[in-house]
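**Student:** My questions all concern the structure below.
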Amino acid sequence: MKIVIIGGTGLIGSKLAPLLASRGHEVLQASPSRGINAVTGEGLQPALVGADIAVDVSNSPSFEDKAVLHFFESGTRNLIAAAKQAGVRHCVALSIVGTDRLESSGYFRAKLAQERLIENSGLAYTILRATQFFEFVGAIADFGRRDREVHVSSQLMQPLLSDEVAEALADVTLGEPANGICEVAGPEAAPLADFVGRWLRKQGDTSKIVAGVDVPYFGAPLALRTLVPDNGARIMPTRFDDWLGRAVHSA
């Protein structure tokens, strides 16, 4: 099959492409740097000619409310129109666990808008919601820095390795369309502050962690289980501490 990956040169796209190619499929890694821009529509229709499956793992370069909404709405509308014209039979999108529980965040409102456009497109589709990536824990820590303290939520998170996001996404892409939402997560649910603390210590960072249930997540309030999956999620095996040990060792 021919599979087009929108955002194909990013973190997940660059991991997904070789997985799909290794299973014998023709893979096109579409990105603005390669002349294919879903947001503007540039190069999108020619890229999808003959495509069986389109996978959207693109992400907005700006998290500002209006910019991120424009990115996901315009990109998704253009992709849907091009996919219909090309006869694409399965549209796959990567989203985030908790998207529908974080509407106070402009970013998550934009992701929810993306999901709804796909759901209402008339195309056969699968939306895979993943929890936060291990590689993202450092950004959570940096966002919460105040002088020599790191402020972070004590609500739960259940992160996973980005390689295993790509693995789950490959399986979803090559499976039958779910015409619904699937979820994937790591093996361990613990407070955000716990993951951040472990990450900081591995970096030799002795900043004081200030944890609380009322500390927002990128501006959005969290309930206990906002960021953890519902029952039935696919659980991937790699544990955070095992990844931390490998990541520090290879650094």
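The values are calculated or read from the model by the stated rules, or taken from the named source; none is laboratory data. Computed from a predicted model, the values in this text were never measured in an experiment. Every residue, glycine among them, receives a Cβ derived from its backbone with ideal geometry; neighbour counts consider all protein chains shown. What goes into the accessible areas is simple: the full protein's heavy atoms, side chains included, and nothing from ligands, DNA or RNA. Shrake-Rupley method; radii C 1.70, N 1.55, O 1.52, S 1.80 Å.
**Student:** Tell me whether the range 29-48 contains one or more residues that are surrounded by fewer than 23 Cβ atoms within 10 Å (Cβ to Cβ), in a helix (DSSP H, G or I), touching a helix residue (DSSP H, G or I) at 6+ places or on another chain (Cβ under 6 Å) and touching a residue at least 40 places away in the same chain (Cβ under 8 Å).
**Tutor:** Within the range 29-48, one or more residues are surrounded by fewer than 23 Cβ atoms within 10 Å (Cβ to Cβ), in a helix (DSSP H, G or I), touching a helix residue (DSSP H, G or I) at 6+ places or on another chain (Cβ under 6 Å) and touching a residue at least 40 places away in the same chain (Cβ under 8 Å).
**Student:** Separate question: Give me the pairs: first residue in the range 49-65 and farther than 16 Å from Gly87 by Cα and touching a residue at least 60 places away in the same chain (Cβ under 8 Å), second residue of a type outside the set (A, V, I, L, M, F, W, C) and open to solvent by less than 10 Å² (accessible area, probe 1.4 Å), beta-carbon distance under 6 Å, and six or more apart or on different chains, which are they?
**Tutor:** Qualifying pairs under 6 Å: Val57/Gly13.
**Student:** Okay, moving on. Has the range 100-118 got at least one residue that is open to solvent by 30 Å² or more (accessible area, probe 1.4 Å), of a type in the set (Asp, Glu), within 30 Å of Ile209 (Cβ to Cβ) and free of Cβ contacts under 8 Å to residues at least 24 places away in the same chain?
**Tutor:** yes
**Student:** Would you check if there is a residue in the range 151-162 being assigned to a helix (DSSP H, G or I) and either within 12 Å of the chain's Cα centre (by Cα) or under 24 Å from Phe63 (Cβ atoms) (or both)?
**Tutor:** Yes, that holds for at least one residue.
**Student:** Right, another one. Hey, can you tell me all the residues within the range 1-28 that are outside any loop (DSSP other than H, G, I, E, B) and basic (Lys, Arg)?
**Tutor:** Of everything in the range 1-28, those that are outside any loop (DSSP other than H, G, I, E, B) and basic (Lys, Arg) turn out to be Lys2, Lys15.
**Student:** Go over the candidates Glu115, Glu176 one by one and state the one that is farther than 25 Å from Ala21 by Cα, of a type outside the set (Val, Ile, Thr) and outside any strand (DSSP E or B).
**Tutor:** Glu115
**Student:** Any idea how many residues of the range 60-80 are over 16 Å from Glu119 (Cβ atoms), at pLDDT 95 or above and open to solvent by 40 Å² or more (accessible area, probe 1.4 Å)?
**Tutor:** 4
**Student:** Any idea how many residues of the range 152-171 are open to solvent by 30 Å² or more (accessible area, probe 1.4 Å), out of contact with any Pro (no Cβ under 7 Å at 6 or more places or on another chain) and in contact (Cβ under 8 Å) with a residue 60 or more places away in the chain?
**Tutor:** Total satisfying the criteria: 2.
**Student:** Of the residues that make up the range 119-129, is at least one among the aromatic types (Phe, Trp, Tyr), under 15 Å from Ile235 (Cα atoms) and buried (at least 16 other Cβ atoms within 10 Å of the Cβ)?
**Tutor:** No; the residues of the range 119-129 include none that is among the aromatic types (Phe, Trp, Tyr), under 15 Å from Ile235 (Cα atoms) and buried (at least 16 other Cβ atoms within 10 Å of the Cβ).
**Student:** Can you tell me which residue among Asp214, Asp194 is over 22 Å from the mean Cα position of the chain (by Cα) and over 16 Å from Glu164 (Cβ atoms)?
**Tutor:** Exactly one of Asp214, Asp194 is over 22 Å from the mean Cα position of the chain (by Cα) and over 16 Å from Glu164 (Cβ atoms), namely Asp214.
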